[in-house]
1. Between a first residue in region 56-71 that is over 21 Å from L105 (Cα atoms) and a second residue that is of a type outside the set (K, R) and in a helix (DSSP H, G or I), which pairs have beta carbons less than 9 Å apart while being 6 or more apart in sequence or on different chains?
2. Assuming E34 fulfils every condition listed in (1) open to solvent by less than 40 Å² (accessible area, probe 1.4 Å); (2) assigned to a helix (DSSP H, G or I); (3) in contact (Cβ under 8 Å) with a residue 60 or more places away in the chain apart from one, which condition is it?
3. When you check E95 against the structure, is it over 29 Å from N146 (Cβ atoms), out of contact with any Ser or Thr (no Cβ under 9 Å at 6 or more places or on another chain) and surrounded by 13 or more Cβ atoms within 10 Å (Cβ to Cβ), yes or no?
4. When you scan region 80-89, do you find a residue that is in contact with a Phe, Trp or Tyr (Cβ under 6 Å, 6 or more places away or on another chain) and surrounded by 13 or more Cβ atoms within 10 Å (Cβ to Cβ), even just one?
5. For residues that are touching a helix residue (DSSP H, G or I) at 6+ places or on another chain (Cβ under 9 Å) and surrounded by fewer than 22 Cβ atoms within 10 Å (Cβ to Cβ), tally how many sit in region 55-71.
6. Identify the residue in region 1-29 that is at pLDDT below 60 and β-branched (V, I, T) and, among all such residues, is least open to solvent (accessible area, probe 1.4 Å).
7. Return the total of residues in region 56-80 being outside any helix (DSSP H, G or I) and more than 21 Å from the chain's Cα centre (by Cα).
8. Here are L111, L118, L161: which of them is in a helix (DSSP H, G or I) and either of a type in the set (A, V, I, L, M, F, W, C) or closer than 30 Å to L24 by Cα (or both)?
Amino acid sequence: MGSTSSGCAISTVATFVAFGAAHLGVAGNDILMEFDYPEIYAPLDLRVGRCRLAVAGPAEAAAHDDPARWSHVRVATKYPEITRRHFAARGVQAECVKLNGAMELAPLLGLCRYIVDLVQTGSTLKANGLVEIERVADVTSRLIINRTALKTRAEEVGNWLDRFREVADAA
């Protein structure tokens, strides 16, 4: 079993579970949305690690810029697949600049105008002169299970699922 916060080892646990190196793990649904492994079953929201994936940009630009009028955006993110899908659903072409850290610096350095990143309190955005423009998705940690392990080790994996469910329900 493995675990990850969304800020470290972005897909390691999900990859281990997807490819059978681990039967169970804990990963944020941001990771599950980004990598969309069909080999992973995510039956339980653990209701921890609560945050959101959001589009953010410079405060002064956000006051004058209407996201409904965008047709093309350049966005720095560690979530290019989620970002492209989010904007495509609105008919906006998203050019994604893949970064794995220091996302908030990208607009300040002129790399892009907007970012898509995890936001919990918004204090990091504020400290960098950015504001949240729109929410992409709510994020929490999920119990993930390798689908093959669920079939071949149903009793053992089912017992772990029951234990996790009890703890999540008690919280």
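1. W70/F87
2. Failing condition for E34: (3).
3. Judged against the criteria, E95 is a match.
4. Among the residues of region 80-89, not one is in contact with a Phe, Trp or Tyr (Cβ under 6 Å, 6 or more places away or on another chain) and surrounded by 13 or more Cβ atoms within 10 Å (Cβ to Cβ), which makes the answer no.
5. Residues in region 55-71 being touching a helix residue (DSSP H, G or I) at 6+ places or on another chain (Cβ under 9 Å) and surrounded by fewer than 22 Cβ atoms within 10 Å (Cβ to Cβ): 4 in total.
6. Step by step, filter region 1-29, then rank; the result is T4.
7. So the answer is 6.
8. L161
The values are calculated or read from the model by the stated rules, or taken from the named source; none is laboratory data. In this text the structure is predicted, and so the values were computed from the model without any measurement. Don't worry about glycine lacking a Cβ; one is built from the backbone with ideal geometry, like all the others, and counts go over all protein chains shown. Surface areas here come from the heavy atoms of the whole protein model, side chains and all, with no ligands, DNA or RNA. Shrake-Rupley method; radii C 1.70, N 1.55, O 1.52, S 1.80 Å.
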